[in-house]
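This report concerns only the one structure given below.
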Amino acid sequence: MFVPWRLLAVLGTLPCTLLIPGLFFIPESPRWLAKMNLMDDFETSLQVLRGFETDITAEVNDIKRAVESANKKATVRFQELNQKKYRTPLLIGTGLLVLQNLCGINGILFYASRIFRAAGFTNSDLATCALGAIQVLATGVTTSLLDKAGRRMLLIISTAGTTLSLLAVSVAFFLKDNLPHDSHSDYILSMVSLVALVAYIITFSFGMGAIPWLIMSEILPVGIKSFAGSFATLANMLTSFGVTMTANLLLSWSAGGTFASYMVVSAFALVFVILWVPETKGRTLEEIQWSFR
């Protein structure tokens, strides 16, 4: 709204520039240090992370056992990924990251101005900026709830909320297509779509926005973490690309149909979370990974 896109691109390099010196202050992962057999550095790093008053003896032993088990077989062949201890966490991690995008978040955010214009709002750019601000605030609230409500519960609330919100937006757009413009009912439906879109962004930020990345990092076994994490991330980015490229075509076809499609995926995500995703709150990475054996 305030600067040309070329200047905006230049401004986008500033966070990247700040990140470079910040990388030198990031400590090594205790599990990586243990894997490299740097045991003194491993225990020091873990003690710093847990606090100097915390007894880390039990966790140190758990991590050592997990690393020793992973080091017995340094590489995992592709065929071995079909084992339950690898297959289940890989499917859950990849599934969450794919469903995160298939719920339509990028299509809605990237084409928010067009969606608001179709809903009847004249100042669609301002509404889009407000939508982004709401997303930031909702994500901030989520960080304080993660270790209180639990990951799984927040995911259930998030997917249920996005499903209902998308249903409301879809119905509003379907009804608007059959009503004369500038009518009182048309105005009411415009407000319904606005409120539902805001509700969608808030509920998405409560869970599906960040928690899939957290879940993936917690459930993947050490032996396949690098490969499986890269695979899940690739699946996420390819899905994001597909949603972004098709959103404009879908909106041209039918705004109501577009949101109905996203709603169906969101409902499937809710079922997926209820049936498959475990609660990881308060559990060590080793406890989570052993539960899949």
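The table below lists the values:
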| read-out | value |
| --- | --- |
| Equivalent ellipsoid semi-axes, the range 199-293, via Cα gyration tensor eigenvalues times 5, rooted, Å | 31, 16, 11 |
| Protein-only accessible surface order, largest first, of Phe227, Phe2, Phe121 at 1.4 Å | Phe2, Phe227, Phe121 |
| Dipole axis of the range 19-71 (+1 Lys, Arg; -1 Asp, Glu on Cβ), positive-most option in Ile56, Ala34, Ile20 | Ile20 |
| Whole-Hz couplings from phi, Karplus 6.51/-1.76/1.60, listed for the range 195-206; x for Gly and Pro | 4, 5, 5, 4, 4, 4, 5, 5, 5, 4, 5, 5 |
| For the chain, size of Cβ-based charge dipole, Lys and Arg +1, Asp and Glu -1, in debye | 700 |
| Nearest-10 value in Å² for the accessible area of Cys16, using the 1.4 Å probe | 80 |
| Low-density loop cleavage sites - chymotrypsin sites (Phe, Trp or Tyr not before Pro) in the range 22-53, where at most 13 other Cβ are within 10 Å (DSSP) | Phe52 |
| Projected-area average for the range 80-292 over all orientations - Cα convex hull basis, square nanometres | 11.8 |
| Per residue solvent-accessible surface (Å²) - the chain, probe of 1.4 Å | 55 |
| Portion, in percent, of the accessible area of the range 80-292 that falls on carbon or sulfur, probe 1.4 Å | 71 |
| Surface accessible to a 1.4 Å probe, Thr233 within the full protein complex, Å² | 50 |
| Exposure of Ser252 as accessible area (Å², to 10), given a probe of 1.4 Å and all protein chains | 80 |
| The range 80-292, relative contact order in percent, only Cα pairs under 8 angstrom and at least six apart counted | 41 |
| Simple label model, 7 Å out from Cα along Cβ direction - Asn123 to Thr54, nm | 4.7 |
| Computed lengthening from Trp253 to Val271, 0.36 nm per intervening residue step minus Cα-Cα distance | 3.7 nm |
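The values are calculated or read from the model by the stated rules, or taken from the named source; none is laboratory data. For clarity, every value in this text was computed on a predicted model and none was experimentally measured. Every residue, glycine among them, receives a Cβ derived from its backbone with ideal geometry; neighbour counts consider all protein chains shown. We work out accessible area using only protein heavy atoms, side chains counted, and drop any ligands, DNA or RNA first. Shrake-Rupley method; radii C 1.70, N 1.55, O 1.52, S 1.80 Å.
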